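The values are calculated or read from the model by the stated rules, or taken from the named source; none is laboratory data. All values reported here derive from a predicted model rather than from experimental measurement. All Cβ positions, even for glycine, are placed from backbone atoms using ideal geometry, and neighbour counts span all protein chains on display. For the accessible areas, the whole protein counts, side chains as well, though only heavy atoms, and no ligand, DNA or RNA atoms are used. Shrake-Rupley method; radii C 1.70, N 1.55, O 1.52, S 1.80 Å.
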Amino acid sequence: MSRKKDLILVLALLVLALLFLLISRPARKPAAVPPDAPPAETGTVTEERPAESYADFVSETVRAYFEEYPAASYLFVNTGSSAYSPIPLNGDNSFRIAQQDGSENVIHIGENSFYMESSNCKNQNCVGQGEVTLENRESRPLFNMVICLPHNLSLELLTREEAEARLLEMYGKDPPPAA
């Protein structure tokens, strides 16, 4: 009888620990939306658009983005809390991603390529993953990606067609739900 009570006590403690874990986790921020996307407001409609034209609106917006920022390839940056607009890979530049928890990564972009220049993570595996290019992305261990697991950061090189398809998939299926 004592073993049964101990087992029930252990299970109850595990359930409580799981509940505390779920309650203490911060809420995920919504992913970044493409430029010129309709603003989402609680319980209100900002534009008169029939539901069947939402997909057309998203398609036009995505097409306009890629016309305004033309490139053969794009970098998709995702953190645990947000996704960035696709970055055209058509010049030599570096930029920093600093997260609220103190995580910092510096990404270098070039013509149709990128690599992790530096990171303040301990293991530096992301820096050692090397350069991703249109030419080598199929032969690399992580294909078209560089991942920094300690910072929950992923970088992905996509062609223009793949990037357009990704955005259409992310935003084009259905209108955002009314809150």
Which residues, taken from the range 135-179, are aliphatic (A, V, I, L, M), at pLDDT below 95 and under 26 Å from N120 (Cα atoms)?
L142
Can you go through R96, R63 and tell me which one is open to solvent by 20 Å² or more (accessible area, probe 1.4 Å) and either modelled with pLDDT of 95 or more or touching an Asp or Glu at 6+ places or on another chain (Cβ under 7 Å) (or both)?
R96
Run down G80, G128, G91 and say which single residue is surrounded by fewer than 17 Cβ atoms within 10 Å (Cβ to Cβ) and touching a residue at least 40 places away in the same chain (Cβ under 8 Å).
G80
Test of understanding: among L168, L157, which residue is open to solvent by 30 Å² or more (accessible area, probe 1.4 Å) and under 30 Å from D56 (Cβ atoms)?
L168
Can you say whether Y74 is assigned to a helix (DSSP H, G or I), open to solvent by less than 50 Å² (accessible area, probe 1.4 Å) and not β-branched (V, I, T), as far as the supplied structure shows?
no
